[in-house]
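Take a look at the structure below.
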Amino acid sequence: MHLIVGVLLFGLCLPAAWAKAADPLQAAVQRGAHLFATDTFGGHGMTCQSCHSGGGKIAGQVAGGGKIPSLANAAAIFPRYSPRAGKVITLEDQIRGCIAGGLGGKPPAYGSQALTDLASYLTFLSNGKPIDMGGKPG
Ligand code: HEC
């Protein structure tokens, strides 16, 4: 009897546990959040979080006084025109630019898991916000 109850309970619980552990999108977002907070990408010791605090949700300032935008809607306002690049850039272009410039690191290649994970995390922050291409950070 105990065995049957045990097997039944196991059968009932397993699908839910599986769905959670094996959700590839959720896993990408979590890996991205981890990279955001901890990875220096071989640079001079900073992480994304060193400038973009609160997991990217809080705006700030760099030492020289330049503005650091909130990333709370970043995924919703790309692609957009970058005066510095002189062309329209994607979210991935911007992330790579911050890794090369902000972190002084080696940007992960287009199509790499690290870049997809970071983009997944930032898109998760913007989830549910209306797309506003070229809009203002906020
Ligand atoms: C040294 C500080 C610094 C670090 C470290 C840094 N950033 Fe940035 N980031 C900035 C500044 C300043 C801007 C705004 C100017 C610009 O677009 O370059 C910005 C802009 C952005 C934007 C565009 C936001 C918007 O809506 O305008 C994204 C996305 C972004 N950063 C992601 C990242 C990610 C991901 C990392 C880590 C891999 C990172 N940044 C590391 C300083 C930094």
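Readers should treat all values here as calculations from the given coordinates under stated rules, not as data from a laboratory. The shown structure was predicted, so the numbers you read here are calculated from the model rather than taken from an experiment. Cβ: placed from backbone, ideal geometry, glycine included. Neighbour counts: every protein chain shown.
Overview of values
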read-out	value
Peptides 101-107, 115-121 ordered by average Cβ neighbours within 10 Å, highest first	115-121, 101-107
Gain in span if fully extended, residue 30 to residue 57, counting 0.36 nm per residue against the direct Cα distance	8.1 nm
Under 5 Å, built H, 5+ apart or other chain: amide partners of residue 68	60, 61, 62
FRET efficiency for residue 46 and residue 22, using Cβ-Cβ distance with R0 set to 30 Å, rounded to 0.05	0.35
Added length on full extension, which subtracts the Cα-Cα distance from 0.36 nm per residue, residue 85 to residue 113	7.6 nm
Calculated FRET efficiency for the pair residue 132/residue 38, C-beta based, R₀ 35 Å, to 0.05	0.70
Alpha-carbon Rg with Dmax, taken over segment 58-132, Å	12.6, 34
